[in-house]
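*Asks:* Please find one structure pasted underneath; my questions will follow.
The values are calculated or read from the model by the stated rules, or taken from the named source; none is laboratory data. None of the values given here were measured: they were computed from a predicted structure. Cβ coordinates were reconstructed from backbone atoms using ideal geometry, including for glycine residues, and neighbour counts include every protein chain displayed. Accessible surface areas use protein heavy atoms only, side chains included; no ligands, DNA or RNA. Shrake-Rupley method; radii C 1.70, N 1.55, O 1.52, S 1.80 Å.
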Amino acid sequence: MQTVLALETSCDETAVALVQFEGGKFRVIANCIASQADEHSKWGGVVPEIASRRHLELMPFLIKEALIEAKTGFESIDLIGATVAPGLTGALLIGSLTARSLAALHGIPFFGVHHLEGHLASVLLSDEVPTPPFLVLLVSGGHTELIRVNKNFDYQRLGRSHDDAAGEAFDKVARLLGLSYPGGPSIEKIAKGGDPRRFSFPKGRVSNPGGGYYPYDFSFSGLKTAVLRQVEKLKKSDIDLPLSDLAASFEQVVAEVLVERSLKCAEEQGIDSLVMVGGVAANHRLRELMMTSSKDISLKVYLASKSFCTDNAAMIGTAALLRLISGGSPSSMELGVCARLGLEEASRLYDDQPPF
């Protein structure tokens, strides 16, 4: 049995978890999260300085809470993991410095984890888990990507967003509609009573300079602008905004775009399994559409549990344990943090000479 203490501070959630690997399964024995959403909502988005300060204040209490919840101590912990890239630099430093300090103090190996690899690992906390190769639709915050996952942490990005990612579009459209931050849950809540076909919004595509369009890439900036123009048009007509219909129509288009391009990618690349992870993957309309549409092409779909879709430390701990049990070496204690780092470079976090 291997036990990891994991820390996640890449954005506006301070999270600590303890995860065990035993008998071929990952088990979460403590999962503590302190969300800062209410504090950032007054600004309409995350304020990096506030996020870093709150991480610093909350981290000691969450570590204590997690150890008490798991009924264990540092003598039973085999490794410590923390998100080191990508994310807000100041926020990442809080988790990374805390993890490295605890690792040095207790003589425990340190694993610096790539945030997106954590999201990929979140599906391993479900009852059914995929076997490589499989396709991942990763929709989290500023990332909307289609990634082919092969064996031995070999990642191949097949599609990506070029401007606003799906999560960013949810936040911006929510602001346009006067809804609270974060936008995903706010839009999903009000869209439940709306007509998803009342407004026709565009499914943005990304032009290829060589001609045509990139088949698996995403662009949500035009969709956001289309919602803005529709809102302005309704306001000029002195009509009360049909918020539920606007939200439902926007949500429907996002879901359709994500599902259609994911299925097209899987079918054309000859991949028979698809995994969906990330904060937006918790959206009910998206999950339902993905499950029903995938049956048409006999595609097996694995969904991360809703409780592990949004940022959490359990997924970071699972990613660290996966590296350990796969024979990986710990990260250097000199490893820093990086605001931007592609998932295909995640293995560099375990080099003897750290990349940053």
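*Asks:* Name every residue in the range 321-356 that is open to solvent by less than 50 Å² (accessible area, probe 1.4 Å) and assigned to a loop (DSSP other than H, G, I, E, B), in order of residue number.
*Replies:* Within the range 321-356, Gly328, Ser331, Ser332, Leu335, Gly336, Val337, Cys338, Ala339, Leu341, Gly342, Pro354, Pro355 qualify.
*Asks:* Select from the range 179-197 the residues that are at pLDDT 95 or above, in a loop (DSSP other than H, G, I, E, B) and either touching a Cys at 6+ places or on another chain (Cβ under 6 Å) or more than 23 Å from Ser219 (Cβ to Cβ) (or both) and list them in ascending order.
*Replies:* If the condition is that a residue be at pLDDT 95 or above, in a loop (DSSP other than H, G, I, E, B) and either touching a Cys at 6+ places or on another chain (Cβ under 6 Å) or more than 23 Å from Ser219 (Cβ to Cβ) (or both), then Lys192, Gly194, Asp195 are the ones that fit.
*Asks:* Out of all the residues in the range 59-90, which are among the small types (Gly, Ala, Ser) and surrounded by 20 or more Cβ atoms within 10 Å (Cβ to Cβ)?
*Replies:* Ala66, Ala70, Gly81, Ala82, Ala85, Gly87
*Asks:* Shifting gears a bit: Tell me, which residue of the range 42-58 that is under 19 Å from the mean Cα position of the chain (by Cα) and open to solvent by 40 Å² or more (accessible area, probe 1.4 Å) is nearest to Leu176 (Cα to Cα)?
*Replies:* Val46
*Asks:* Further question on the same structure: Return a yes/no flag: does the range 95-116 have any residue that is assigned to a loop (DSSP other than H, G, I, E, B) and closer than 29 Å to Gly183 by Cβ.
*Replies:* The answer is no; no qualifying residue exists.
*Asks:* Quick check on my filter: what residues within the range 114-128 are under 11 Å from the mean Cα position of the chain (by Cα) and among the hydrophobic types (A, V, I, L, M, F, W, C)?
*Replies:* Within the range 114-128, Leu116, Leu120, Ala121 meet the criteria.
*Asks:* List the number of the failed condition for Leu246; all other conditions in (1) part of a loop (DSSP other than H, G, I, E, B); (2) among the hydrophobic types (A, V, I, L, M, F, W, C); (3) crowded, with 18+ Cβ neighbours inside 10 Å hold.
*Replies:* (1)
*Asks:* Sticking with this one: Going through the range 276-312 one residue at a time, which ones are in contact with a helix residue (DSSP H, G or I) (Cβ under 6 Å, 6 or more places away or on another chain), open to solvent by less than 20 Å² (accessible area, probe 1.4 Å) and in a loop (DSSP other than H, G, I, E, B)?
*Replies:* Correct list: Gly278, Asn283, Leu299, Ala304, Cys309.
*Asks:* Further, regarding this structure: Of the residues that make up the range 190-203, is at least one open to solvent by less than 40 Å² (accessible area, probe 1.4 Å), within 23 Å of the chain's Cα centre (by Cα) and closer than 30 Å to Gly342 by Cα?
*Replies:* no
*Asks:* Moving to a separate point now. Taking the range 95-105 as the region of interest, how many residues are in contact with a strand residue (DSSP E or B) (Cβ under 8 Å, 6 or more places away or on another chain) and either open to solvent by less than 10 Å² (accessible area, probe 1.4 Å) or farther than 16 Å from Ser331 by Cβ (or both)?
*Replies:* Going through the range 95-105 one residue at a time, the tally reaches 4.
*Asks:* With the structure loaded, tell me whether Ser273 is open to solvent by less than 50 Å² (accessible area, probe 1.4 Å) and in contact (Cβ under 8 Å) with a residue 40 or more places away in the chain or whether it fails that test.
*Replies:* yes
*Asks:* So, in the range 214-243, of the ones that are of a type in the set (Asp, Glu) and not in a helix (DSSP H, G or I), which residue ends up least open to solvent (accessible area, probe 1.4 Å)?
*Replies:* Ranking the qualifying residues of the range 214-243, first place goes to Asp217.
*Asks:* Are there any pairs with C-beta distances below 6 angstrom linking a residue in the range 115-133 that is on the phi < 0 side of the Ramachandran plot to a residue that is of a type in the set (Gly, Ala, Ser) and modelled with pLDDT under 95, with the two at least 6 apart or on different chains, and if so which?
*Replies:* Listed pairs, sorted by first residue: His119/Ser140.
*Asks:* Only one of (1) out of contact with any Lys or Arg (no Cβ under 8 Å at 6 or more places or on another chain); (2) surrounded by 15 or more Cβ atoms within 10 Å (Cβ to Cβ); (3) closer than 28 Å to Asp127 by Cα fails for Met1. Which number is that?
*Replies:* Here Met1 clears every test but (2).
*Asks:* Do we have Ala85 as among the small types (Gly, Ala, Ser), more than 25 Å from Asn283 (Cβ to Cβ) and touching a Leu at 6+ places or on another chain (Cβ under 7 Å) here?
*Replies:* Judged against the criteria, Ala85 is a match.
*Asks:* A further question follows. Which residues, counting only those in the range 258-270, are part of a helix (DSSP H, G or I), more than 22 Å from the chain's Cα centre (by Cα) and without any contact (Cβ under 8 Å) to a residue 40 or more places away in the chain?
*Replies:* Of everything in the range 258-270, just one residue is part of a helix (DSSP H, G or I), more than 22 Å from the chain's Cα centre (by Cα) and without any contact (Cβ under 8 Å) to a residue 40 or more places away in the chain, namely Glu267.
*Asks:* Which residue is farthest from Glu268 (Cα to Cα), if the candidates are limited to the range 149-162 and must be open to solvent by 50 Å² or more (accessible area, probe 1.4 Å) and under 16 Å from the mean Cα position of the chain (by Cα)?
*Replies:* Ranking the qualifying residues of the range 149-162, first place goes to Arg160.
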